[in-house]
Amino acid sequence: MTDVSPEYFNRELSWLEFNQRVLEEACDASVPLLERLRFLAITAANLDEFFMVRVGSLLTAIRTGESNQDPTGLSPLEQLTAISVRTQKMVAEQYRIYLTQLEPQLAEAGIRRRRPNELNERQREIVESVFQEQLQAVLTPIAVHDPVRFPLLFGKTVNVAVKLAGRSPAEPYRFAVIPFGRFDVRYITLPSAGGYEFILTEDVIAMTAERFFPGEEVISTVPFRIIRNADLTVNDDDGTDLLSEMEDLLDDRKDSFCTRLELSDQMTRPMLDFLKTLLRVGERDVYLVPGPVGMSDLIQLADVSGFDQHLYPSWTPCESPQIETGESVFEAMKSRDLLLHHPFESFDPVLRLLSEAADDRDVVAIKQTLYRTSRNSPIIKALKRAAENGKNVTTIVELKARFDEARNIEWARQLEYSGVQVIYGVRGLKTHAKACIVVRREPQGFQRYVHFGTGNYNEITARFYTDLSYMTCNRELGNDAIAWFNAVTGMSQIQQFAQIESAPIGLREKLLEMISVETDRARNGDKGRILLKLNSLADPDMIAALYKASQAGVQILMNIRGICCLKPGVPGLSENITIVSIIDRFLEHARIMYFYHGGDERVFLSSADWMPRNLDRRVELLVPILDENCKRRAISILRSCLRDNVKGRRIQPDGKSLPGDPGGTRPFRSQVEFQRRAQEAAEAAFERNRTTFVPVEPSGM
């Protein structure tokens, strides 16, 4: 990693080191084969998004003449140069792992790629049938006469460039492109005596290219793929129709400038020059690869059926023992606070809260934030049903959630049609907070049932993201949640809350205050201790405060999955800071913050990472865990993550990481431990319930 600043790592290079940690899982022999393939595909998909957003942002800065340096002192151009060097090395390693390790092992396991010259007679018949029935009918060759007027090529899709013999001595050759467009069949299944055999669609195109150009001589074909800039924003400060603006933005993405050209290293120089001119990219933006372009598509092979022995054993989230059999979520929350740990425990209680609220005649209102949801979301269905049942339902749907804009636009329209009051986020900010409030009329008055989460209201990702759900009827938290929601939807001044804090006003200040308390106590000879679990740490002010705390003697242990711009273990700067990054089967996503606070331990959950965008340009929440049992459990989860010496990698002062080393201690893998705990707790609850008679009472009319 380029080390310009003595105090900070560059954000982009730090993210690339995170992606390197993911790539290391792809070459870990202890990981099941298809899971290794999945990790490789994830690193490729991660790079796609990185070039769409982060590289796109830097290129935009250069195009508009911006020269602002980042905290490490690098200009946009210097960052791009460093990124290019690092990503070229990473891409080379991706292909080395795939071609020398994974592809041979996949073939041995029965998953085999066939090249055109390896097909048997029956397989050739299938390829011919696919060509006639699908490829020839769907794909359309396009001659290139004028690169400026060439039709649009979609980003992240495979295309085949074709070099044809010229028609006159003045034109020795010419070019055409066969774009795949929305045709998403990348792997064509072949008949085989056993296992799974396939051929790449671009290989079939190479076999049959002359049939797309009758009477023409095809000299060569080369598959290529482009990434387009997606760092486009809307100006929502001028009072225009945000939904309409977002729809225009989605259209603009389709033909934004290219940030990366990926093509086979079998290309000729004329072909490369043609593509560079066609797509208007420089040499720095070109990635020549020795294998199939678009490695993110390998995720399809990881999901081929019939090879379960090469996958992690299936994991079904356990039912939480905190809710008794036959007990409604309302009853459970009224009697005790709940802290759910996903995906080890089921997300079902959160879904049930909304479902029960939609049909409960005593529920009068539901207030909900929505950032990313699933395609067939039960949350959306429950909210629509609640509105149709006469409840007062209000949702904040964040239209600016990157890459989920189209889905959120559709959900917003459906919710409005059902009678839900929809707020399209907050002008000038993204609403990233996760909160749901159900207001229920009860004998003692109106009761608030509140869910705070670290993850999205998405039951699909809740099965493979590690997140926490805090469900409570605490009066102060309920009142704060109502006041916060109303302030956001009413665009009114954020007031002083009793317990919670919100970005962009209050959350940063609260965290700095908590760090300062630990710093002052340590400076006075008392114990100072901070434990943090975050996805990213990049905010200079927060990093400076942590450095100051470390220098005062505060012991700081952090579990940070991705970006980390802080340099740990530097004498005189951060020798009291240790950072562990966990890359394992499930994506680490929860945010937990612990402060010793003189023995009066303070524990918080948050939707926010410690980055300028989260603390200054998003609506986020910081929520204290007030219930003692829930607090103890959150601390246990946090400490377990920090103990991980199997999948936990220690970040070094140079920004790189070292794999976990159990040494003389017992190997400890946190996610396996959480699975064990959840399974044992569920089994113990089942045994209790099996020997207990639970009467079913009438629902009452």
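For the range 590-612, residues that are of a type in the set (Lys, Arg) and either farther than 16 Å from Ala433 by Cβ or surrounded by fewer than 18 Cβ atoms within 10 Å (Cβ to Cβ) (or both) total 1. Given the structure, is Gln671 under 21 Å from Lys567 (Cβ atoms), among the polar types (S, T, N, Q) and touching a strand residue (DSSP E or B) at 6+ places or on another chain (Cβ under 8 Å)? No: the conditions fail for Gln671. Do we find a residue being within 30 Å of Ile42 (Cα to Cα) and either modelled with pLDDT of 95 or more or in contact with a Lys or Arg (Cβ under 8 Å, 6 or more places away or on another chain) (or both) anywhere in the range 358-370? Checking the range 358-370: at least one residue is within 30 Å of Ile42 (Cα to Cα) and either modelled with pLDDT of 95 or more or in contact with a Lys or Arg (Cβ under 8 Å, 6 or more places away or on another chain) (or both). Here the range 124-136 is the region considered, the condition is being within 36 Å of the chain's Cα centre (by Cα) and more than 18 Å from Ala176 (Cβ to Cβ), and the residue that is surrounded by the fewest Cβ atoms within 10 Å (Cβ to Cβ) is Gln134. Among all positions in the range 391-412, there is no residue which is within 23 Å of Leu468 (Cβ to Cβ) and in contact with a His (Cβ under 6 Å, 6 or more places away or on another chain).
Among the residues of the range 182-196, those identified as surrounded by 13 or more Cβ atoms within 10 Å (Cβ to Cβ) and closer than 19 Å to Ser296 by Cα are Phe183, Val185, Arg186, Tyr187, Ile188, Thr189.
Summed over the range 74-123, residues that are within 26 Å of the chain's Cα centre (by Cα), surrounded by 15 or more Cβ atoms within 10 Å (Cβ to Cβ) and touching a residue at least 24 places away in the same chain (Cβ under 8 Å) total 15.
Note on the range 143-197: among residues that are among the β-branched types (Val, Ile, Thr) and outside any loop (DSSP other than H, G, I, E, B), the one that is nearest to Arg122 (Cα to Cα) is Thr189. Checked against the criterion of being assigned by TED's automatic domain parsing to the domain that holds Arg361, buried (at least 20 other Cβ atoms within 10 Å of the Cβ), at pLDDT below 95 and in contact with a Cys (Cβ under 8 Å, 6 or more places away or on another chain), the candidates Tyr457, Tyr449 yield just one match: Tyr457. Within the range 395-417, which residues are of a type in the set (Asp, Glu) and modelled with pLDDT under 70? Of everything in the range 395-417, those that are of a type in the set (Asp, Glu) and modelled with pLDDT under 70 turn out to be Asp404, Glu405. Within the bounds of the range 383-395, is there any residue that is charged (D, E, K, R) and either within 23 Å of the chain's Cα centre (by Cα) or at positive phi (or both)? No, every residue in the range 383-395 fails to be charged (D, E, K, R) and either within 23 Å of the chain's Cα centre (by Cα) or at positive phi (or both).
Of all the numbered requirements in (1) among the small types (Gly, Ala, Ser); (2) farther than 23 Å from Asp609 by Cβ; (3) surrounded by fewer than 23 Cβ atoms within 10 Å (Cβ to Cβ), Gly428 misses one, and that requirement is (2). Considering (1) part of a strand (DSSP E or B); (2) more than 27 Å from Ala302 (Cα to Cα), the lone condition that Glu216 does not fulfil carries the number (1). Identify the residue in the range 625-636 that is surrounded by fewer than 23 Cβ atoms within 10 Å (Cβ to Cβ) and touching a residue at least 12 places away in the same chain (Cβ under 8 Å) and, among all such residues, is farthest from Cys473 (Cα to Cα). By that ranking, first place goes to Ile635.
Picking from residues in the range 466-517 that are surrounded by fewer than 19 Cβ atoms within 10 Å (Cβ to Cβ) and hydroxyl-bearing (Ser, Thr, Tyr), the one that is modelled with the lowest pLDDT is Ser492. Summed over the range 558-608, the residues that are within 28 Å of the chain's Cα centre (by Cα), closer than 30 Å to Gly525 by Cα and part of a loop (DSSP other than H, G, I, E, B) give a count of 4. Do we have Gln309 as more than 23 Å from the chain's Cα centre (by Cα) and either crowded, with 18+ Cβ neighbours inside 10 Å or among the small types (Gly, Ala, Ser) (or both) here? No; evaluated as a whole, the condition is false for this residue. Among the helices (runs of 4 or more DSSP H) confined to the range 1-114, the ones with at least 2 residues that are closer than 24 Å to Leu261 by Cβ and at pLDDT 95 or above are located at 11-26, 33-50, 76-97.
The values are calculated or read from the model by the stated rules, or taken from the named source; none is laboratory data. Note that the structure is predicted; figures quoted are calculated from it, not measured. Quick reminder, even Gly has a Cβ in these numbers, built from the backbone with ideal geometry, and neighbours come from all protein chains shown.
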